[in-house]
Amino acid sequence: MINWIWFFMIFSGVVAAAAQGRFDLVTNAALNGAKDAVAVCIGLISILVFWLGMMRIAQDAGLLEKLARLLGPVARFLFPTVPPEHPAMGYILSNMSANLFGLGNAATPMGLKAMEELQKLNPDPKTATPAMCTLLALNTSGLTLIPTTIIGIRLKYGSLEPTEIIGPTLLATMIATSMAVLLDRYYQNKTFDRSGMLKPHLK
């Protein structure tokens, strides 16, 4: 769906420019957009390298293991069908930890690996399990303590107080994550039984 939305926006822009005989606007927008994209990416490298380095230091110091243990009871509550010692649980905890620090680029590979491991536990490969749905809901809502990427973008564009976004971001993501978990539980109870299988009337 998102591909069609982007296609419509680009196509309508080209058509509007053609109707006005201003193809130069399309060319300038494409070139300026490409230039701004490269500039933003380069500007974000420093902040991402810093926080990834901090995460590595935290990992070597054992802080991530302590955070994972702290999040362990939460993860077991959210993912009751995943065995605690299964590799999927480790990737889920890593994904949650990275998201808390706003490291979406670091969280994504962990999320993909978690999905791969959850698929190994899936009795029906064509149907997402409750754990998969929960992981997707959590990543979509994205509970974040430190919005690293947003801070980097605000720094890039000269914000005088780039970190003032932390409070609103924390509040917004707490509300979003709470609603995601509540809706996830509601639809799971309607769709799946306690073993994680589809209820008979839905098969």
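The values are calculated or read from the model by the stated rules, or taken from the named source; none is laboratory data. Quantities reported herein were computed from a predicted structural model and do not represent experimental measurements. When we count neighbours, we look across all protein chains shown, and the Cβ atoms used for this are built from the backbone with ideal geometry, even at glycine. Side chains are part of the model used for accessible areas, which takes the heavy atoms of the whole protein and leaves out ligands, DNA and RNA. Shrake-Rupley method; radii C 1.70, N 1.55, O 1.52, S 1.80 Å.
I'd like the residue in region 109-155 that is basic (Lys, Arg) and more than 14 Å from the chain's Cα centre (by Cα) and, out of all such residues, is surrounded by the most Cβ atoms within 10 Å (Cβ to Cβ). Among those that are basic (Lys, Arg) and more than 14 Å from the chain's Cα centre (by Cα), it is Arg154.
Just one residue in the set Asn28, Asn3 is at pLDDT 80 or above, on the phi < 0 side of the Ramachandran plot and open to solvent by less than 90 Å² (accessible area, probe 1.4 Å); that residue is Asn28. Out of all the residues in region 123-137, is one or more in a helix (DSSP H, G or I), at pLDDT below 85 and of a type in the set (Ser, Thr, Tyr)? Scanning region 123-137 turns up no residue that is in a helix (DSSP H, G or I), at pLDDT below 85 and of a type in the set (Ser, Thr, Tyr). For beta carbons closer than 7 Å, sequence separation of 6+ or different chains, a first residue in region 24-40 that is within 14 Å of Val14 (Cβ to Cβ) and a second that is in a helix (DSSP H, G or I), the qualifying pairs are Leu25/Ala17; Val26/Gly13; Val26/Val14; Val26/Ala17. Looking at this structure, is Leu145 assigned to a loop (DSSP other than H, G, I, E, B) and in contact (Cβ under 8 Å) with a residue 12 or more places away in the chain? Against the criterion (assigned to a loop (DSSP other than H, G, I, E, B) and in contact (Cβ under 8 Å) with a residue 12 or more places away in the chain), Leu145 qualifies.
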